[in-house]
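First up is the structure itself, then whatever we jot down about it.
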Amino acid sequence: MSDGKAPAGAGEGEELTVRDAVSAPDAEGRPRRTTRRFPLFTRDTARPEGGGRAASGASPAPARQWPVIAVLGTVGLGLLLTALDHFRIGTLLVGVALLGGAALRWALPGVGMLAVRSRFTDIATYGVLGTVIVLLAMMVQPDPWLEIPFFKDALHFTVDS
């Protein structure tokens, strides 16, 4: 197929574009690659992992993206509570929303736009940020729900120096 002619069944005037030997069509014009695995060396942008759907294509758009809507809705509720002077509960809700996003990313095969990076990176990012926000919300003054002694020593070390 190196002569640039169109395969049988292609319209006249159409030229065949061969990007690499792996995805080049065979003699009958069928794609040679039968696997969904990406080639070792890519020359194009891969489809984003979040491009998949969490529900079938027959469902309306919000139903297809319910995981990201659930996480963003919970974060929005937490920010609203924080703005209404319920700081600890609001920030706890934001942290719990991120932990829920990590759990959804781990448990579900397709989470729609909640998938931003690889599965491992998404779970680690959502999990670490959610845990840090929950811990900081529990340590907020006055009357912290959680006291970690070395944090108080570190604070005195940085302020008194």
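General remarks:
- Test: residue in region 93-107 that is of a type outside the set (Ser, Thr, Tyr), surrounded by fewer than 22 Cβ atoms within 10 Å (Cβ to Cβ) and more than 22 Å from residue 77 (Cα to Cα): yes
- Where a residue in region 146-161 is closer than 17 Å to residue 136 by Cβ and its partner, wherever it lies, is at pLDDT 75 or above, with Cβ under 8 Å and at least six apart: 146/135; 146/138; 146/139; 147/139; 148/139; 151/139
- Residue check for residue 101: assigned by TED's automatic domain parsing to the domain that holds residue 147 and in contact (Cβ under 8 Å) with a residue 40 or more places away in the chain: no
The values are calculated or read from the model by the stated rules, or taken from the named source; none is laboratory data. Quick caveat: nothing in here was measured; it's all calculated off a predicted structure. No Cβ is skipped: glycine too gets one built from the backbone with ideal geometry, and neighbour counts run over all protein chains shown.
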